[in-house]
Every structure is written in C-alpha cells, then in structure tokens.
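**Student:** For reference, the structure I am asking about is given below.
What follows is calculated from the coordinates using simple rules that are stated; it is not laboratory data. Treat the numbers as computed from the prediction; the structure is a model and nothing was measured. Here Cβ is always computed from backbone atoms with ideal geometry, including for glycine, and neighbour counts include all displayed protein chains.
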C-alpha cells in the first residue's frame, strides 16, 4: 500500500498529532503528515508542527464557535487537496465537520473520542463516565460519518476508573491510551487490510 | 461483616449462580445462598441448586412473560424473607423487577448485565455490541434501581470483540467474565467497604 498522506485538524495541544509523528519517526506507521490546520491561531499543535518541519496554518472559522462555516470548510478542503492529503485526521478538533469535507474525503476522515462509544458521545466524555459511575472508561478511534461520534469503529481501548479519580486524572490516563490507539488505527488504514460491513470494520 | 444471605432469582441455566456457589465453596466469597427461585419450572438453575442442596422453588409468574405480576412479586418477597435473605441476586432473571421488591430490599438487589453499561441496555446486548461494530464489549454488575439496567455500577470488565466473532462466540467470552465479575461484586458488598455517592459506588 502507498504511504498515508495525512492532513491533521486540531484545536489544542496536539498531543495526538505528536503520537502520530512519534509513530512515523519510529517506523511504526507508514505515513507522512502533509499539513496541519488549527482553528485557534495560537494552538500549541501549530507550534509542534513547526518544530517537526510540518507545513501548518491557522484556519479562520469565524464567526462560528463549534462548527465549520461553509467558506472555512471549502478553504480547508482546498488546502488539504493542494497538500496532497488522502486521509484527514481529527486530533482534538473542536468543531463538527460537515458534509462537504466528508464528501471530499469519503471514508477517509478519522476521529478519536475519549470514551467507549456508543457510551458518552459529545464533550468532556471522561467527566460523563465519572458522573455515571462507570468502572471502565476508554477511547474510540472511528471513521467520521454525518452523526456525532457515530461512525464505524476502528480501535477501542479500555481504561480503568480508579476510586480516587478526578476528571483530570482519568482524562490523563485516557490520553495515554489515545496515543496508542490513534497510530494503531492509522496503521490499519495504511495497511489497507480492512473492509466496512454495515457498521463493522473488519480488519485483516 | 456478617455473611451475605443471598436469594438468587433466575430463568435459565444458572451459570452465574454456579460461579457464586464456586466462589463460596472456594472461600473467596463470604456468603450463603438461602434460596433459589426460578420463573421457569424446568430451568436448569433449579437442578443446579438441588445438586448443591440449596432450597429452591418455581415462582409462578403467569400470565406475564416479562414482568413480575404483583401477586408473584409479593410471593417472591415472602419467600425471600422467610429464607432469611438480605441480598437479592438477579442471575439471568428475564423479568423486570418492580418497586415492591426494591422497597423490600433497598440497595440490596444486584443484577449482572452482559454489556459495558450505559451502552446496550436491554436484551441480547452482545448482539447489539456486535451490530454496532464495537471492538470492546463487556459486563456490568450493578445495583438495581427503578430503571432498566440503570443502577449504580459495582464492577465492569471489558471483553475484546474478535474479527471472527459471532453473537455466540462473543457471548461465551462475555460469560467467562460474568463468572469472575459477579463473585467479585458480591465480595465488595460482603465486605461492607463501599458507599454510594450519587451514581458512583466508592469502594474501599
């Protein structure tokens, strides 16, 4: 299979992007990050990208706070295409992507969610799991579809909830698993050895 | 703490009851099963109970198929009380228990559900997890409240979904974890070392 040509969209620290960079540099993932886009001008993910010599830029999504405006989405697609991206990686991107991006990259937009979906879609899912009283939390990497955190699942990993967990300590342990799960899921995609049957991602 | 005095309600093979009997006999659980009730006259759980010398009987719940009729529920409570039961264990009991039983045994009715709740409440949850395309399934032991599979969680265990899993193979692996989880949860209750804060069961 050809090397994955990744475009990464983020809003925050970029620790998931870092885990992908690390996996690529360690030879565990046959991919290249072609461009990093952030909807927050001073997001740390941009700083990380620059440090690794990865092309990156701010994507102006104003005036919206939680979705991609049509113009910004078209801009985003244009930048991804010009960079030669074949697979779009959402890495802490705090906006709902819409149909134009999904149509531009059918079956090639991937997201990571800090919960064992279908439990706890939406925001601060680690807090939701804690409030629910779950003894297991976790992380899910999935293909993005038109719903919220609802697409076919590639990888899930469980994280034990400890008696003394706060939202912060639980979130930190979930992030450790995120950094394993995302490169693992992208490796599956890079291998090409999967097919989607209904909602099931059949691997191997 | 005093030894748990268990009443077990079942409808089927009684493999969860067997795991509790085994844990008691191995000295891993400080409990005694005082009575076993089944709503199916020839349920294998009754045969198992007899084999271990545990008092047991058929609980006639007709004409209802999926709930406990008022008369049957009062009958059930009377039998449990007469047997000296302090903790009610639902072990594959295919009926919704109602408020009379919950009021008779407040905070002392326990259920096991073959899914990582809150995902996949209801029936054939292993099939639901497979159809959803989950990569992790599991089991939850919880206190019973007025909802369906919604009470505070005592123990959860994850089970990997394999690529070649059928509903039957996945269910079989979930049952292995059920048989670990139920004695473990009852040991926590027997120890008395827990408290319920909101929805969280704080152990230790």
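**Student:** Relative contact order (percent) for the stretch B:110-204, with alpha-carbon contacts under 8 angstrom and 6 or more residues of separation? Before the final figure, lay out the partial values.
**Tutor:** Working: 154 pairs, mean separation 25.2, N = 95.
Relative contact order comes out at 27 percent.
**Student:** Something else about it: Just to verify a number: FRET efficiency for residue A:30 and residue B:57, C-beta to C-beta distance, R0 = 60 Å, to 0.05? Intermediate results must be reported in sequence, preceding the final value.
**Tutor:** Working: r = 64 Å, r/R0 = 1.06.
FRET efficiency, residue A:30 to residue B:57: 0.40.
**Student:** Something else about it: With 10 angstrom as the radius, rank A:171, A:113 by how many other C-beta atoms surround their C-beta, starting from the fewest.
**Tutor:** Working: A:171 20, A:113 23.
Neighbour counts put them in this order, fewest first: A:171, A:113.
**Student:** Oh, and also: In degrees between 0 and 90, to the nearest 10, how far off the longest principal axis of chain B does helix B:15-25 point, with axes built from Cα atoms?
**Tutor:** Approximately 70 degrees, to the nearest 10.
**Student:** Divide by every residue of chain A the summed helix terms, -39500 (n - 2.57) for each DSSP H run of at least 4, and state the resulting mean residue ellipticity at 222 nm, rounded to the nearest 500 deg cm²/dmol. Kindly include the intermediate steps, with their values, before the conclusion.
**Tutor:** Working: 6 runs with 71 residues, N = 204.
After summing the helix terms and dividing by residue count, I get -11000 deg cm²/dmol.
**Student:** For B:19, A:187, what ranking results if the residue with the fewest other Cβ atoms within 10 Å of its Cβ goes first?
**Tutor:** Details: B:19 23, A:187 18.
Ascending number of Cβ neighbours within 10 Å: A:187, B:19.
**Student:** Right, here's the next one. If we hang a label 7 Å off Cα along the beta carbon direction at residue B:66, how far is it from the matching labels on the other copies, in nm, shortest first?
**Tutor:** Computed spacing set for this position: 3.4 nm.
**Student:** Sort A:34, B:3 so the one with the fewest other Cβ atoms within 10 Å of its own Cβ comes first.
**Tutor:** On the way: A:34 20, B:3 12.
Going from least to most buried by this count: B:3, A:34.
**Student:** Follow-up. Enter the angle in degrees (range 0 to 90, nearest 10) between the Cα long axis of helix B:70-82 and the first principal axis of the Cα atoms of chain B, meaning the one along which they spread out most.
**Tutor:** The angle comes out near 70 degrees.
**Student:** With Rg and the Kirkwood Rh both taken from Cα atoms, where does Rg over Rh land for the stretch A:50-164? Working shown, then result.
**Tutor:** Values: Rg = 16.0 Å, Rh = 15.6 Å.
Computed over Cα atoms, the ratio is 1.02.
**Student:** Under 37 °C and 0.692 mPa s, how fast does the stretch B:1-61 diffuse according to Stokes-Einstein, given a Kirkwood radius computed over C-alpha pairs? Answer in µm²/s, whole number.
**Tutor:** Values: Rh = 11.6 Å.
For these conditions, the coefficient is 284 µm²/s.
**Student:** Seen from all sides and averaged, what is the projected area of the convex hull of the Cα atoms in the stretch B:1-106, in nm²?
**Tutor:** Values: hull surface 24.9 nm².
Approximately 6.2 nm², given one-decimal rounding.
**Student:** Give the dimensionless ratio obtained when the Cα radius of gyration of the stretch A:110-204 is divided by 2.2 N^0.38 Å. Show your work: numbers first, answer last.
**Tutor:** Working: Rg = 13.5 Å, N = 95, 2.2 N^0.38 = 12.4 Å.
Taking the Cα Rg and dividing by 2.2 N^0.38 Å, one obtains 1.09.
**Student:** Where the centre of each part is set by its Cα atoms, how far does the stretch A:177-204 sit from the stretch B:44-117, in angstrom?
**Tutor:** 43 Å
**Student:** What angle do you read, to the nearest 10 degrees and between 0 and 90, between the alpha-carbon axis of helix B:167-191 and the longest principal axis of chain B?
**Tutor:** In chain B, helix B:167-191 runs at an angle near 50 degrees to the longest axis.
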